[in-house]
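Each reported figure results from applying straightforward, stated rules to the coordinates on display, with no laboratory input. Bear in mind that the values here come from a model prediction, so they are computed numbers and not experimental data. Positions of Cβ are backbone-derived with ideal geometry, glycine not excepted, and every protein chain shown enters the neighbour counts.
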Amino acid sequence: MQPVKSVGRFLPTLFLICIVFYIFTDPQGAAVAFKWAFETAAAGAQHFAEFIGAVAK
């Protein structure tokens, strides 16, 4: 097995393990972090939609 492929397969799993660990160790902090991430993603999607609308005109 090539090292690059094994690391590439392991990183998403490590990320999920860290998220679960964070949720169980600091639920309030995790809630704030997830709320911030959701609001940021929603705002980014809104800006992207406005950009597409402006380019389409």
Mind checking which residues of the stretch 7-26 are surrounded by 10 or more Cβ atoms within 10 Å (Cβ to Cβ), in a helix (DSSP H, G or I) and not hydrophobic (A, V, I, L, M, F, W, C)? 8, 9, 22
Meets criteria (of a type in the set (A, V, I, L, M, F, W, C) and either part of a loop (DSSP other than H, G, I, E, B) or over 18 Å from the mean Cα position of the chain (by Cα) (or both)) for residue 42: no
